[in-house]
Amino acid sequence: MPDDLYIRRDRSSLGRGLIFGPQRRRGRPWLLYAVIVALAAAGLIVWQIDRVRPIALSLVGIVTTPTPTIVQAAHEGDLAFWRGDLDASLANYRHAAALAPDDLNIAYELIRMLIYRSYSDERNAPDGDEAVRLATALQTAYPDNTRAFGIHCFALARAGRSEEAAQSCNRAISLDPGNSDAYAYLALANYDIGRLDAASEAAQEAVRLNPNSIEGNTAYAFVLTSQQRYDDALEYFVRATQINPRLVFPYFNLGATALGMALRTGDPTMYQLSIDAYDTILSMNLRNVKAYTSLCQVYLATGDRNLARDNCLTATELDDAYTRSWRWLGEVYYRNMDYELAIDAFDRCASQEQDLPPDRRQPECWYYRGLAHVQIGDCPGALPIFGDVVGWTQSTRAIELVNEGFRLCTGGVFIPTNTPEPTATPQG
């Protein structure tokens, strides 16, 4: 048997009677104190487990991310909004809404952020659809709440359902005549319907109740524009940008409206104002493809086609899935009579929008592509494009130019013509 398994009785405690033999009892009061302290420490740890766990884990190299409470998540959503970070704002409000699904005020802000983000990029249109769903559910859950009806109105107006929107806004105002948001949203809905007097009245009331209403100032600016009170309109568009200077969509409204004014009046200061609005956006985010594309559109209208091309190309390089940049780049090439390059750009746009609902496509990517084929003598390539677009477009200009293309290609005979001049229009 190995030595390490053999008990040497002459050396063991058993052999010397130290286990069962008589022993002198020794007091150990320190042991009792140690047990008491240990139990107290354990109780403290259990009580403060949420604070202790991250510290303990960090000692072994594990870093945990604390889960925000409802109040914290909503607060972070608000802070992100004032930073102009709508993605972060939405993420935080979604988390807060998941923790408190019945909180009307959190749901209100979540829906508002969805609508705001839908303005930032045409591809965010699903945000508007989600806003309608959430707002409809909120209004159903709170049938006597002015804020529920107000945000329902805003979501419907953004979705183009302005008649229904006006009904919800009127209900919100009947519940609370001091609801400034409801007046602002009602102004937007009435403006979209064409009830300009009613829109003006609602917008003025919204601004009176809350001078810092983004929607109230914006709606009143649109109404003033329709009344050709351009200087007054610009004042309210500028006010809208100043309420939250880090939010980009009020600058897009200002830039697009200034361009529209420039196209109507020929005023060079309006072109510059539009450029300044888009440059402000780029000063906050150099990768904003919508701002580059908008600058491309402005420079195309001013006749500076090199700058127009450069801005559109920058947009396509930053995000080749942003179809609006391909649409305007195609128009730049078309104006320069670079028809083959125009065809390529318009084709990139059309191929990516083919599966979109017709009302979300840009018909220019079809009919100008067809016209570019006509200009290089390729009527067989043009006619199928014309036949496609007339089947779904609601644009009267598209139909006019398609009919012109058909006329030029009648009998397969190409008739040379001056290049049709596309009209630059402000973006929505």
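So, in the stretch 289-334, exactly how many residues are part of a helix (DSSP H, G or I), within 22 Å of the chain's Cα centre (by Cα) and in contact (Cβ under 8 Å) with a residue 12 or more places away in the chain? Step through it out loud before you land on a result.
Taking the stretch 289-334 as the starting set, the residues that turn out to be part of a helix (DSSP H, G or I) are 289-302, 305-318, 323-334.
Checking which are within 22 Å of the chain's Cα centre (by Cα) leaves us with 289-297, 311-312, 314-318, 323-328.
Pick out the ones that are also in contact (Cβ under 8 Å) with a residue 12 or more places away in the chain and you get 289-297, 311-312, 314-316, 318, 323-328.
Final tally of qualifying residues: 21.
Go over the candidates 361, 335 one by one and state the one that is touching an Asp or Glu at 6+ places or on another chain (Cβ under 6 Å), within 30 Å of residue 261 (Cα to Cα), at pLDDT 95 or above and surrounded by fewer than 24 Cβ atoms within 10 Å (Cβ to Cβ).
Result of the check over 361, 335: 361.
Given the condition assigned to a helix (DSSP H, G or I), under 21 Å from residue 359 (Cβ atoms) and not assigned by TED's automatic domain parsing to the domain that holds residue 128, answer yes or no: does some residue in the stretch 168-187 qualify? First the steps, then the outcome.
From the stretch 168-187, those assigned to a helix (DSSP H, G or I) are 168-175, 180-187; that's our starting set.
Then keep just the ones that are under 21 Å from residue 359 (Cβ atoms); that gives none.
Looking through the stretch 168-187, none of the residues is assigned to a helix (DSSP H, G or I), under 21 Å from residue 359 (Cβ atoms) and not assigned by TED's automatic domain parsing to the domain that holds residue 128.
What is the residue count in the stretch 396-428 for residues that are at pLDDT 50 or above, surrounded by 15 or more Cβ atoms within 10 Å (Cβ to Cβ) and under 30 Å from residue 191 (Cβ atoms)? Before you say what the answer is, go through the steps one by one.
The first filter runs over the stretch 396-428 and keeps only residues at pLDDT 50 or above, leaving 396-411.
Now restrict to residues that are surrounded by 15 or more Cβ atoms within 10 Å (Cβ to Cβ): 398-399, 401-402, 404-406, 408-409.
Restricting the remaining residues to those that are under 30 Å from residue 191 (Cβ atoms) gives 398-399, 401.
The total comes to 3.
Quick check: anything in the stretch 99-116 free of Cβ contacts under 8 Å to residues at least 60 places away in the same chain and touching a Ser or Thr at 6+ places or on another chain (Cβ under 7 Å)? It would help to see each step written out before you state the result.
We begin by selecting, within the stretch 99-116, every residue free of Cβ contacts under 8 Å to residues at least 60 places away in the same chain; these are 99-115.
Retained after the next criterion (residues that are touching a Ser or Thr at 6+ places or on another chain (Cβ under 7 Å)): 113.
Yes, some residue in the stretch 99-116 is free of Cβ contacts under 8 Å to residues at least 60 places away in the same chain and touching a Ser or Thr at 6+ places or on another chain (Cβ under 7 Å).
Within the stretch 136-148, count every residue that is without any contact (Cβ under 8 Å) to a residue 40 or more places away in the chain and in contact with a Leu (Cβ under 7 Å, 6 or more places away or on another chain). If you could, list the steps in order and put the result at the bottom.
Pass one, the stretch 136-148, residues without any contact (Cβ under 8 Å) to a residue 40 or more places away in the chain: 136-144, 146.
Add one more test, that the residue is in contact with a Leu (Cβ under 7 Å, 6 or more places away or on another chain), and what stays is 138, 142, 144, 146.
Looking only at that region, the number is 4.
Can you spot a residue in the stretch 130-149 that is part of a helix (DSSP H, G or I), in contact with a Cys (Cβ under 8 Å, 6 or more places away or on another chain) and over 26 Å from residue 322 (Cβ atoms)?
Yes: one or more hits.
Among the numbered criteria (1) under 25 Å from residue 305 (Cβ atoms); (2) modelled with pLDDT of 95 or more; (3) not aromatic (Phe, Trp, Tyr), which single criterion is violated by residue 354?
Residue 354 satisfies every listed condition except (1).
Check off (1) under 30 Å from residue 184 (Cβ atoms); (2) without any contact (Cβ under 8 Å) to a residue 60 or more places away in the chain; (3) in contact with a helix residue (DSSP H, G or I) (Cβ under 8 Å, 6 or more places away or on another chain) for residue 246 and give me the number that stays unchecked.
Here residue 246 clears every test but (2).
So, residue 174, is that one surrounded by fewer than 17 Cβ atoms within 10 Å (Cβ to Cβ) and among the hydroxyl-bearing types (Ser, Thr, Tyr) or not? Step through it out loud before you land on a result.
On the way: surrounded by fewer than 17 Cβ atoms within 10 Å (Cβ to Cβ): yes; among the hydroxyl-bearing types (Ser, Thr, Tyr): yes.
Against the criterion (surrounded by fewer than 17 Cβ atoms within 10 Å (Cβ to Cβ) and among the hydroxyl-bearing types (Ser, Thr, Tyr)), residue 174 qualifies.
How many residues does the stretch 213-269 contain that are buried (at least 16 other Cβ atoms within 10 Å of the Cβ) and at positive phi?
Total satisfying the criteria: 0.
Among (1) more than 16 Å from residue 215 (Cα to Cα); (2) part of a helix (DSSP H, G or I), which single condition is residue 152 missing?
(1)
Look through 362, 394 and report the one residue that is closer than 19 Å to residue 297 by Cβ and either outside any loop (DSSP other than H, G, I, E, B) or polar (S, T, N, Q) (or both).
Numbers: 394 fails: closer than 19 Å to residue 297 by Cβ.
Exactly one residue qualifies, and that residue is 362.
The values are calculated or read from the model by the stated rules, or taken from the named source; none is laboratory data. Note that the structure is predicted; figures quoted are calculated from it, not measured. When we count neighbours, we look across all protein chains shown, and the Cβ atoms used for this are built from the backbone with ideal geometry, even at glycine.
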